[in-house]
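A.B. asks: One structure, pasted below without further comment.
The values are calculated or read from the model by the stated rules, or taken from the named source; none is laboratory data. Just so you know, these numbers come straight off a predicted model, no measurement behind them. Don't worry about glycine lacking a Cβ; one is built from the backbone with ideal geometry, like all the others, and counts go over all protein chains shown. Areas reflect the complete protein model, heavy atoms only, side chains present, ligands, DNA and RNA absent. Shrake-Rupley method; radii C 1.70, N 1.55, O 1.52, S 1.80 Å.
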Amino acid sequence: MAKLLLSTLEAIPGATITKHLGLVQGSSVRAKHMGRDLMAGLKNMVGGELKGYTELLQETRDEAIARMEAEAEAIGANAVLNVRLSTASITSGAAEVFAYGAAVVLAQARS
Amino acid sequence: MGLLIQLGIFAALLALGFLAGSRAERKHYASIREREAALRHILLVPVRRAPTRSPCRAQLVCGSVVIGMDYFKMTVAAFVNILGGRINAYETLVERARREAILRMKENAAALGGSHIFNVKFSTTNLRGQNNQQSGCVEVVAYGTALLPVRLEAGN
């Protein structure tokens with residue numbers, strides 16, 4: 001397993017957990033520039049998807065997950081199980097995404 | 001005079017919100033129903049442990065969307081909030097967002113070749129707008145684990 005494995009499951013079929021390394025986490029706070037906020041405000045008058053914000057939160061989430069992965073790799077894990085994501089609105093136009101999970105060392109079970 | 005202009009702007013926004021908002025909602029629901037029918041073969045299994053022992057590749061899949069309410073609904077919701085009771089405007093907003101997020105997660109899984117998504121979790125957040133007021137936009141994230149089959153010759 002070269003790449004870090006991320007999963008919301010507690011156990012991966014066909015693999016056993018050989019070591020628990022504790023909780024790893026990553027978070028990121030981002031904001032869009034004024035223009036995007038303005039456009040979103042206008043779009044909010046007529047309703048519908050706010051693509052700018054969807055994008056913003058997706059980028060923020062990717063960043064948070066990347067930071068969690070970096071932390072897991074630094075302590076020698078090869079998988080993060082039971083991953084949870086949570087979003088919080090910090091102030092206007094800025095959002096925090098928090099990702100956390102259990103860092104473990106997985107070994108492929110031999111059958 | 002100033003009051004009249006203000007009332008006019010309010011009425012125009014209300015009308016715009018009502019017309020554009022209900023049109024957008026109808027179109028969105030139609031698109032949701034169509035894509036839900038197309039992606040029905042991907043199953044969501046909200047269990048914490050996958051009911052299989054055979055080795056497979058686990059992959060985090062995720063779908064998210066931010067949906068805003070229109071001006072008309074926001075006004076109606078504000079009034080209903082005073083009287084109490086069901087706020088239909090919010091109900092449809094959150095429902096649309098959640099179904100859309102599920103669809104995007106399913107599309108993500110389908111692109112990877114997965115057929116089941118395990119341990120699906122949701123997170124819903126109310127985003128705050130300018131001046132820290134409630135902006136009536138909601139973000140929903142749906143995420144889970146897609147188990148992908150591994151080729152046997154590639155194992156070990």
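A.B. asks: Quote the charge dipole size of chain B about the Cα centre in Debye, to the nearest 20; the model charges only the Cβ of Lys and Arg (+1) and of Asp and Glu (-1).
C.D. replies: 480 debye
A.B. asks: Which one, B:S123, B:S54, B:S64, has the greatest fluctuation when you compute a Gaussian network model over chain B with C-alpha springs under 10 angstrom?
C.D. replies: The residue that fluctuates most here is B:S54.
A.B. asks: Here's another thing I want to ask about it. Return the average number of partner chain Cβ atoms within 10 angstrom of each residue Cβ along peptide A:69-81.
C.D. replies: Per-residue shielding by partner chains comes out at 0.
A.B. asks: Helix-derived [θ] at 222 nm for chain B: sum -39500 (n - 2.57) over DSSP H runs of at least 4, divide by residue count, nearest 500?
C.D. replies: Computed mean residue ellipticity for chain B: -17000 deg cm²/dmol.
A.B. asks: Hey, could you get me the Stokes-Einstein D for chain B, Kirkwood radius over alpha-carbon pairs, 25 °C and 0.890 mPa s, rounded to whole µm² s⁻¹?
C.D. replies: Reported coefficient: 135 µm²/s.
A.B. asks: Carbon and sulfur atoms: what percent of the 1.4 Å accessible area of the range B:54-147 do they account for?
C.D. replies: Result for the range B:54-147: 54 percent of the exposed heavy-atom area is carbon or sulfur.
A.B. asks: Roughly speaking, what is the centre-to-centre gap between the range A:1-38 and the range A:44-90 when only Cα atoms are used, to the nearest Å?
C.D. replies: A separation of 8 Å, based on Cα centres.
A.B. asks: For chain A, what D do you get in µm² per second when you plug the Kirkwood radius from alpha-carbon pairs into Stokes-Einstein at 37 °C and 0.692 mPa s? Intermediate results must be reported in sequence, preceding the final value.
C.D. replies: Values: Rh = 15.6 Å.
The calculation lands on 211 µm²/s.
A.B. asks: Could you work out the longest stretch of chain A that avoids the trypsin sites (Lys or Arg not before Pro) located in DSSP loops with at most 10 other Cβ atoms within 10 Å?
C.D. replies: Details: sites that count: A:K3, A:R110.
It runs A:4-109.
A.B. asks: By how many degrees, 0 to 90 and rounded to 10, does the Cα axis of helix B:88-112 deviate from the longest principal axis of chain B?
C.D. replies: That works out to roughly 30 degrees.
A.B. asks: Which one of B:A38, B:A58, B:A142 has the biggest mean-square fluctuation once chain B is modelled by GNM with Cα springs under 10 Å?
C.D. replies: In the Gaussian network model the winner is B:A38.
A.B. asks: Please check the range B:38-63 for residues whose accessible area, probe 1.4 Å, is lower by 40 Å² or more when all protein chains are in place than in their chain alone.
C.D. replies: Those residues are B:R48, B:R49, B:A58, B:L60.
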